[in-house]
Protein chains: 4
Amino acid sequence: MENPGPQKQSAILLISCPDQKGIVAAITKFLYDNAGNIIRLDQHVNMQENIFLSRVEWDLQGFAIPREQIAASLSELMQKFNSKYELHFSDFVPQVAIFVSKLTHCLYDVLSRYREGEWNISIPLVISNHPDADSIVKKFGINYFVFEINDDNKQEQERKQLELLKAHDINFIVLTRYMQILSPEFIAHYPNKIINIHHSFLPAFPGAKPYHSAYDRGVKIIGATSHYVTSDLDGGPIIDQDIVRVSHQHSITDFIRKGRDLEKIVLARAIWYHLQHKVLVYKNKTVVFD
Amino acid sequence: MENPGPQKQSAILLISCPDQKGIVAAITKFLYDNAGNIIRLDQHVNMQENIFLSRVEWDLQGFAIPREQIAASLSELMQKFNSKYELHFSDFVPQVAIFVSKLTHCLYDVLSRYREGEWNISIPLVISNHPDADSIVKKFGINYFVFEINDDNKQEQERKQLELLKAHDINFIVLTRYMQILSPEFIAHYPNKIINIHHSFLPAFPGAKPYHSAYDRGVKIIGATSHYVTSDLDGGPIIDQDIVRVSHQHSITDFIRKGRDLEKIVLARAIWYHLQHKVLVYKNKTVVFD
Amino acid sequence: MENPGPQKQSAILLISCPDQKGIVAAITKFLYDNAGNIIRLDQHVNMQENIFLSRVEWDLQGFAIPREQIAASLSELMQKFNSKYELHFSDFVPQVAIFVSKLTHCLYDVLSRYREGEWNISIPLVISNHPDADSIVKKFGINYFVFEINDDNKQEQERKQLELLKAHDINFIVLTRYMQILSPEFIAHYPNKIINIHHSFLPAFPGAKPYHSAYDRGVKIIGATSHYVTSDLDGGPIIDQDIVRVSHQHSITDFIRKGRDLEKIVLARAIWYHLQHKVLVYKNKTVVFD
Amino acid sequence: MENPGPQKQSAILLISCPDQKGIVAAITKFLYDNAGNIIRLDQHVNMQENIFLSRVEWDLQGFAIPREQIAASLSELMQKFNSKYELHFSDFVPQVAIFVSKLTHCLYDVLSRYREGEWNISIPLVISNHPDADSIVKKFGINYFVFEINDDNKQEQERKQLELLKAHDINFIVLTRYMQILSPEFIAHYPNKIINIHHSFLPAFPGAKPYHSAYDRGVKIIGATSHYVTSDLDGGPIIDQDIVRVSHQHSITDFIRKGRDLEKIVLARAIWYHLQHKVLVYKNKTVVFD
């Protein structure tokens, strides 16, 4: 890692509420009154929906309120504005689980970034419905658990997966090309905490074999989309997308090859945004404070 | 125009046929035997479909066969390979008609490029279903014809439009945001000779109001698509596409503003490819020899 | 224009000052205390330089301070934070002058956007060092002034240009491929108020004939850059850049053709950002609140 | 790997020579006469330099000339056209060496792709001037050799490196952020066979710390460039480039983070093109038949 730089201990407040006069004034006054040095303030008003969304990050050093009392101190203010909010600390290390099937390019990429220290996380385990990726995962010193899934055992297997996830205090799940549809019940345990990479430019080509469909349609650009998983297949809030040009020279194999690079990057960017608490979700859309 | 350069008089052969050994050898031998200097040769074999597609351009200067006999000279060869083909000459000036409705950004762009000499064409007329663009078109010294279209008169109006087009020997039609669906009968008169610009990244968001749909879906990238018009609405062979990033900061109005720039460029590029005879169509897809 | 929407009368404050605690709190409190409804608040802290930069836009409707007294009301606050600031009103219509030489693609594009109502401006005149574009400019109903420039008369001609600009109350100048270097004295009259489009991806290929240099170097991507003009040739603060892929198939003529489209868009975007007061300049760089 | 597909055994001829009539006819006739089924034919004529460049790939199955006699059979034809040429076979597995310093993101990416089978190569060793990456390389089961380099020992160390490379029959070298300048003598052993990734959009920001320079200049787009190494630092023939947008929100650390993704992809694409024999070099530029 080139130039990682010193990392400040900071607090991050994510807030969304009905738009109204004085919100920013109240929040910034609260921080100012408590000697909080704002590192970054982002806010967005969606005029059509009349929603105020904001992310405020401030230095914990010198802040007048002890870390463990900040949430309580904020609650009155948050209630006054009828807001939903989350409070995070930059030095918290989330426990992350990876789900993978047979294709391993995104898995390799995620594990390499993890080992390089690109993200401040811990990955205690990888879950798969196939044994194929075992040796890769082991090479990175991570536990690998196989849950084979068929028409009859899905509910039972998901229950066991959840037990395992809870046992490891998993905060966040990344699907690196996991080819099973998670049940709404499973997803409900991790709302906006499961990121998937879909290998098309959504909403074009949802579902299976998007590269084949793109090839058949004769598009000149292909894409990849990272999104939070909801019970609507490939319909969750989009976090990031990117594209690459293709031409008649490119076969489906070329589409897949070029697409792999997109998938890796678009997934990694979504993970980074999520870990930095830069993503807010509202009405099945995201605000990403890049 | 910077550096337009001397333009050679050249012949362009577009050919598509079942793939088979010896095609390129036969074509290049034919040209070599007749002292034809190849300016550019492009060819593509679609392995899945076993189709051979090629574009050959050669200098007419010094070519042994007189221009008016080239087609006849080629026919035996073309029949041998069971090929569909077109022969064009680079100094031919096509007659182009523009169709427009109320939005004029693409119209302005096309007429400006025309007046700047970017394309070697003649635009004798613009057709519209609204009177709005009359003064713009007149400003560029071009005739403007209004054919109002309602539920009852479409067939009759299209018949009159076709008469007008035939009277002006129109070879090629450009729809610069023309908000009427052309009938299959009309389209049949200009197969792969009508270019439309659609304001989305097809196949996402076909039909009306794609920017609104894109906004509602929360995409992070919007696009535009130029394609040949077929009887399948927004389903014709794609010639070019391009995209631009958007974020939560952007309203629908911003989408529309950013999209306009895409539309202008993606349409202009398709026109250029078409005029250079760089586009071959097969199985509702295009080969574009950029 | 699709969906222009109702435009609010708003005030826009641009501010830059040394970063310090309480700035945002103070500004937002000022607005809140005076019943100001914030439409959009953007702020950025450059940590390396310890500079705070912000753009606040609020609705004039219902604001307690009359428009003509806002500047005075703000001055105490602005002085307290030792800030440089500008106050703008969204309904002000700036007077814009265009400078052009022989190439007219950007000129056409700017005038077309103007006539379509894309920008809320008035263009009373176009200035050139050549007579070539006269008929185009006249077609758009705008006055065209020629100031031929040679080695001896530059100072004198610039003096006359400035007189003309002052006589028309010009607020802002756009160089649509103007091939003369403006003197530092001239530029000093319009600091960060002259936008140029340079036909390369700066800092690569400054100066003359960048497409030729790009071709000779064998780059795979070409670009265009819009920037404020300073006395450092092609060295002013960059507002926007964009790129397009090229390949060995493309000649210098193709580079120029593809580049023209970039130039038009990158210039138009810079004009839009400037007119929306979304650009702040510091240390020869820009903050653009897109 | 999704859908790798059956791989044909094919021969690939790369040819460059002065442009002249009849070249393509002669080559394709040679193949046709020997029952060669062309899989793909690409050719390009650089008009300015009057150079003909081509890549022909044909199926070895059914070809009348045995593999080991093809070179001899071609030589007469190649001499007739005064051409430089290379003959390759698609089933040949090149021996590839990696050079790395301390930054390992490109190394991880290259080794992951290698282990996934994305390229048909063998990587017997990684060379470094630092011990840091040892454990990574070992994890992938590859030998790691450290050659520390200082002001006095460079010539001697390069001599030893060359010995090692020759001992392993290395055909091709990839520099995954190797922070030493190779001597012209070293490079002469691998002309157009050493690929480097430079972390800027060349020719902007050659040399050290390009992300810092880009940040200081205030660019809105950063890039990466893969190129063949010549004795001209960062001046060799460019194979591929790509870019990503940045804004004032992004610190140098963000530039570096975003740039890493570019570097990985732009390097991997160059390796792929090289391995497919899709790159021809002439006059310090490349033709890449994508």
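The values are calculated or read from the model by the stated rules, or taken from the named source; none is laboratory data. Just so it is clear, the model here is predicted, and its values are computed rather than measured. For neighbour counting, all protein chains shown are included, and Cβ atoms are generated from backbone atoms with ideal geometry for every residue, glycine included. Side chains included, ligands, DNA and RNA excluded: accessible areas come from the protein's heavy atoms. Shrake-Rupley method; radii C 1.70, N 1.55, O 1.52, S 1.80 Å.
Table for the structure above
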item: Per-residue ³J(HN,Hα) for the stretch C:23-38, Karplus 6.51 cos²θ - 1.76 cosθ + 1.60, θ = phi - 60°, Hz, x for Gly and Pro; result: 5, 4, 4, 5, 5, 5, 5, 4, 5, 4, 5, 9, 6, x, 8, 5
item: Solvent exposure, largest accessible area first (probe 1.4 Å, DNA, RNA and ligands not counted), of B:67, A:40, A:177; result: B:67, A:40, A:177
item: 18 Å tail of the calculated P(r), the stretch C:77-180, as % of Cα pairs; result: 53 percent
item: Amide H contacts of residue B:143 (H built 1.01 Å from N, under 5 Å, at least 5 apart or other chain); result: B:126
item: Unit charges on C-beta of K, R, D, E only; dipole of chain A, Debye; result: 460 debye
item: Estimated [θ] at 222 nm from DSSP helical runs (n ≥ 4, -39500 (n - 2.57)) normalised by residues in chain B, nearest 500; result: -9500 deg cm²/dmol
item: Relative contact order (%) - the stretch C:207-262, alpha-carbon pairs under 8 angstrom, separation at least six; result: 37 percent
item: Accessible area (Å², 1.4 Å probe, nearest 10) - residue C:17; result: 10 Å²
item: Where a label projected 7 Å from the Cα of residue B:180 along Cα→Cβ would reach, residues of the stretch B:139-167 with amide N under 16 Å; result: B:144-166
item: Rounded to 5, the percent of DSSP beta bridges in chain B classed as antiparallel; result: 70 percent
item: Over the protein assembly as shown, equivalent-ellipsoid semi-axes from the Cα gyration tensor in Å; result: 46, 42, 31
item: Shortest-first nm distances, residue D:249 label point to equivalent points in other copies (7 Å, Cα→Cβ); result: 0.7, 3.5, 3.6
item: Cα shape, the stretch D:46-86, gyration tensor, a/c 1.5 rule; result: oblate
item: Choice from A:69, A:276, A:161 with maximal GNM fluctuation in chain A (Cα, 10 Å cutoff); result: A:69
item: Chain C residue with Cβ closest to the axis mapping C onto D, distance in whole Å; result: C:204, 2
item: Radius ratio Rg over Rh of the stretch D:244-290, counting only Cα atoms, Kirkwood formula for Rh; result: 1.18
item: Cα lying deepest toward the dipole's positive end in chain B, options B:214, B:135, B:92, charges on Cβ; result: B:214
item: Averaged over D:24-37, number of beta-carbon atoms from partner chains that fall within 10 Å; result: 5
item: Relative contact order (percent, whole number), chain B, Cα cutoff 8 Å, 6+ residue spacing; result: 14 percent
item: Loop chymotrypsin sites (Phe, Trp or Tyr not before Pro), the stretch B:1-70 (other Cβ atoms within 10 Å of the site Cβ: 10 or fewer; DSSP); result: none
item: Amide hydrogen neighbours beyond the local backbone of residue B:99, cut-off 5 Å, H modeled; result: B:127, B:174, B:175, B:176
item: Taking the stretch A:120-204 and dividing mean pair separation by its residue count, relative contact order in percent (alpha carbons under 8 Å, at least six apart); result: 22 percent
item: Net charge dipole size for the protein assembly as shown [Lys, Arg +1 and Asp, Glu -1 on Cβ; Debye, nearest 20]; result: 0 debye
item: Trypsin sites (Lys or Arg not before Pro) within the stretch C:102-144, DSSP loop, no more than 16 other Cβ atoms inside 10 Å; result: C:102
item: Unit Cα scatterers, Debye sum, chain A: log10 I(q)/I(0) for q = 0.07, 0.08, 0.12 Å⁻¹; result: -0.30, -0.40, -0.86
item: At 7 Å out from Cα toward Cβ: residue A:146 inter-copy label distances (nm, ascending); result: 3.9, 7.4, 8.3
item: Over 23 Å (Cα to Cα) - which of B:139/C:264; A:220/C:258; A:193/A:285; B:138/C:193; C:138/C:209 fall in this group; result: B:138/C:193; C:138/C:209
item: Net length gained if the chain between residue C:8 and residue C:155 were fully extended (0.36 nm per residue, minus Cα distance); result: 48.6 nm
item: Percent antiparallel among DSSP beta bridges (both partners in the protein assembly as shown, rounded to 5); result: 70 percent
item: Three-way shape label, the stretch D:10-89, alpha-carbon gyration tensor, a/c 1.5; result: prolate
item: Most fluctuating residue given options C:24, C:279, C:126, as computed from a GNM of chain C linking Cα atoms under 10 Å; result: C:24
item: Label geometry 7 Å along the beta-carbon vector: residue D:61 inter-copy distances in nm; result: 4.7, 6.8, 7.3
item: The stretch C:143-232, dipole about Cα centre (Lys/Arg Cβ +1, Asp/Glu Cβ -1), debye to the nearest 20; result: 440 debye
item: Convex hull volume of the stretch D:105-157 per residue (C-alpha atoms, cubic angstrom); result: 90 Å³
item: Table column - 3J(HN,Hα) (Hz), the stretch A:145-151, Karplus curve with 6.51, -1.76, 1.60, x for Gly and Pro; result: 10, 9, 10, 5, 10, 10, 4
item: Estimated vicinal HN-Hα couplings, Hz - the stretch B:190-197 in sequence order (Karplus 6.51, -1.76, 1.60; Gly, Pro = x); result: 9, x, 6, 10, 10, 10, 10, 10
